[in-house]
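Working notes for the structure below.
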Amino acid sequence: MLQRFLIFCSGADTDILDSCSAGEKTKYAGIGATVFFTALMAFIASGYALYTVFDNYIPAIFFGFIWGLLIFNLDRFIVSTIKKRDRFFDELLQATPRLLLAIIIAIVIAKPLELKIFEKEINQVLLEEKNDMTLENKDQLALQFTPAVNELQANIVGLKNEVTAKEATVETLYETYIAEAEGRKGTELLGKGPVYKEKRGKHDVALAEFQVLKENNANKIKTAEDQIATINLDYQTKITETQPLIDGFDGLMARVNALNKLPWLPSFFIFLLFLAIETSPILAKLLSPKGVYDIRLETQENSEKNWNQQQAHQREAILQTDMQINNRVYEDIADELELYSYKRKKAREIMELQADSFYKKQKNILN
């Protein structure tokens, strides 16, 4: 039962193979086993690759099974269409397109399994890329928010400098009227004379302005700091919103790119392994000697070809004979006077009808 299933996988004609030796059956069972296990590996590989896309087992298994059937059908077709002939180079030329297709299939099958085999290394590469992307994302977002923050901070510094300058002016006026009272500067008269009162008045006015300016600027600074806090909150919110996109950067294409950044030699050997598996049925048929099955298959195909050629030749002969008979029949009929008179009568009636119709049409035009 298992052998018949594997022979079916090889694409061999079971009717012909049943009449062959056990060795022929074993050979094609081995070819069929290679086709079957290649399709099985294709199912596993595509299932994993699709799982990285859908992140769900059901669609991954379903579409992976469809892909495995497709690879199975292609491999079975490739192996079954290679015919053994007596000339090796003709067989090689016949197998060249199939070998190219086998190479493509090997690449498609090997790549998802490489992703699974080197999963830990790929995750490390992806982690580094995600960290770089996180830093770049913060820098890019900062370009949107930093100018506004810098402007507000500059305004705060200006408001503080304005208060500091006013405070220095008040302190200078305070020192002036105190020095006037003590007789150290100004009139150098000890006591609180008119000049003292004048300087004291200027100080009091400046002090009142300073208090108002300090309060107003404090409110403006508070407003600017609140705006900076809001901008920083928006900045953090934007980072939080975009971070899941970076964390989810582990799809199929990202993993393939990460795999390409790893050393190429291990991946190349895995590809060679699957290339050997995929091309082994074709190479086995090319290198194996012409067996009993191949001889009987060629005999059957030649018999069918000869039979079709014979049928086509017979149909051509029948057609030529029938045409010759028809020509002789019509030649005999052409000599009969009765048929000539009948056709002459019908032709005369047609010409009379045409003349009557032409006359009526001309008459209508003239009227």
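Per-residue answers, yes or no, for (1) without any contact (Cβ under 8 Å) to a residue 40 or more places away in the chain; (2) small (G, A, S):
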{"residue": "G11", "(1), (2)": "no, yes"}
{"residue": "G30", "(1), (2)": "no, yes"}
{"residue": "A39", "(1), (2)": "yes, yes"}
{"residue": "T52", "(1), (2)": "no, no"}
{"residue": "L69", "(1), (2)": "yes, no"}
{"residue": "S80", "(1), (2)": "no, yes"}
{"residue": "I109", "(1), (2)": "no, no"}
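For the stretch 237-285, what are the residues that are more than 20 Å from L113 (Cβ to Cβ) and over 25 Å from the mean Cα position of the chain (by Cα)? Across the stretch 237-285, the qualifying residues are T237, K238, I239, T240, E241, I282, L283, A284, K285.
Are any of the residues in the stretch 86-106 more than 30 Å from the chain's Cα centre (by Cα), among the basic types (K, R) and at pLDDT below 75? Yes. Here F268 qualifies as without any contact (Cβ under 8 Å) to a residue 60 or more places away in the chain, in a helix (DSSP H, G or I) and under 30 Å from Q124 (Cβ atoms).
What number of residues in the stretch 265-293 are closer than 13 Å to F37 by Cα and among the β-branched types (V, I, T)? Matching residues across the stretch 265-293 total 2.
In the stretch 271-293, the qualifying residues are those that are assigned to a helix (DSSP H, G or I) and of a type in the set (S, T, Y), and the one that is modelled with the lowest pLDDT is Y293. Residues that are at pLDDT 80 or above number at least 1 in the following helices (runs of 4 or more DSSP H) confined to the stretch 1-84: 2-10, 22-54, 57-80. When D90, D139 are checked against the criterion of being assigned to a helix (DSSP H, G or I), assigned by TED's automatic domain parsing to the domain that holds W67, over 21 Å from L40 (Cβ atoms) and without any contact (Cβ under 8 Å) to a residue 60 or more places away in the chain, D90 stands alone in meeting it. N56 falls short on exactly one of the conditions (1) within 29 Å of K111 (Cβ to Cβ); (2) touching a residue at least 12 places away in the same chain (Cβ under 8 Å), and that condition is (2). Among the residues of the stretch 219-242, those that are without any contact (Cβ under 8 Å) to a residue 40 or more places away in the chain and of a type outside the set (D, E, K, R) comprise N219, T223, A229, T230, L233, Q236, T237, T240. Only one entry in D234, D250 is among the acidic types (D, E), surrounded by 12 or more Cβ atoms within 10 Å (Cβ to Cβ), modelled with pLDDT of 85 or more and within 30 Å of K130 (Cβ to Cβ), namely D234.
Evaluate the following for L245: is it among the hydrophobic types (A, V, I, L, M, F, W, C), in the same structural domain as L101 (by TED's automatic domain parsing), in a helix (DSSP H, G or I) and free of Cβ contacts under 8 Å to residues at least 40 places away in the same chain?
On the way: among the hydrophobic types (A, V, I, L, M, F, W, C): yes; in the same structural domain as L101 (by TED's automatic domain parsing): no; in a helix (DSSP H, G or I): yes; free of Cβ contacts under 8 Å to residues at least 40 places away in the same chain: yes.
No.
The values are calculated or read from the model by the stated rules, or taken from the named source; none is laboratory data. No experiment lies behind these values; they were computed from the predicted model shown. Note that each Cβ is placed from the backbone with ideal geometry, even for glycine, and that neighbours are counted across all protein chains shown.
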